[in-house]
1. Quick one: which helices (runs of 4 or more DSSP H) sit completely within region 1-119 and have at least 1 residues that are under 22 Å from residue 134 (Cβ atoms) and in contact with a Cys (Cβ under 8 Å, 6 or more places away or on another chain)?
2. Restricting to region 132-182, count the residues that are of a type outside the set (S, T, N, Q), part of a loop (DSSP other than H, G, I, E, B) and either within 30 Å of residue 5 (Cα to Cα) or free of Cβ contacts under 8 Å to residues at least 12 places away in the same chain (or both).
3. Which of the residues spanning region 170-195 are in contact with a Ser or Thr (Cβ under 6 Å, 6 or more places away or on another chain) and surrounded by 15 or more Cβ atoms within 10 Å (Cβ to Cβ)?
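Coordinate-derived values only; no laboratory data. Because the structure is a prediction, the values reported are computed rather than measured. Please note: Cβ atoms are built from the backbone with ideal geometry, for glycine as well, and neighbour counts cover all protein chains shown.
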Amino acid sequence: MKFSHKRSWTCMEKTLAAKLPAQEAWNKFIDYHEKSVPKPYWASLKKINVKKEVAELATWMQALATNSPIPTRTVALWIGILMLQVGKKERPGIYLIGANSYSDKDHDWACNAKYLPENRYALSRNLKKIETAISKDKVDNLFLGWILPLAYCAFLLDETIRTKLDKKLFLKRKKKLHVTVGHDDGDYVNVSPIE
């Protein structure tokens, strides 16, 4: 059996639209893929503690907004998924930037970042666990290495925005900030705005 890019994407979008807690959304997404293509690592991926990283993400984002206040003209935040150089190794992580323009149709706006806070990069323990779990899968590593980090970050970020952030830190003199998460060189998904 093979994975379907289109069905995986649809599953991610439907799960995100349901506004579930991130842990529940993640497990539901993994369950879908486990039923589609059995693999030995699905059980370990369901054990990932998403709740803890939701709290850590909220703390990190609020520290950024406090220490590097978001300019009034910033209308959108981009959370990029990337590999960070840590010593001689690469580790998966995220970064946060902001732009003065936004489009929900493409993410070119993120290339014109005006808000570049200090400490905008963060490592993710759980993205590393995902990477490690799927690393030996020579058949599906490329597909899963794309969709799983994107879905994980989308679920994580969406719950953090909806339930954990002190939104006043982000919305000084504005009513709304659009938020998008994605791979710099590829796909992205819009999550709940900060409002």
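1. In region 1-119, the matching helices (runs of 4 or more DSSP H) lie at 22-36.
2. Qualifying residue count for the region: 5.
3. 188, 190
Listed here are the residues, each with its yes/no results for (1) on the phi < 0 side of the Ramachandran plot; (2) within 16 Å of the chain's Cα centre (by Cα); (3) without any contact (Cβ under 8 Å) to a residue 24 or more places away in the chain; (4) surrounded by fewer than 19 Cβ atoms within 10 Å (Cβ to Cβ).
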| position | (1), (2), (3), (4) |
| --- | --- |
| 5 | yes, no, no, yes |
| 29 | yes, yes, no, no |
| 36 | yes, no, no, yes |
| 46 | yes, no, yes, yes |
| 54 | yes, yes, no, no |
| 68 | yes, no, no, yes |
| 77 | yes, yes, no, no |
| 91 | yes, yes, no, yes |
| 98 | yes, yes, no, no |
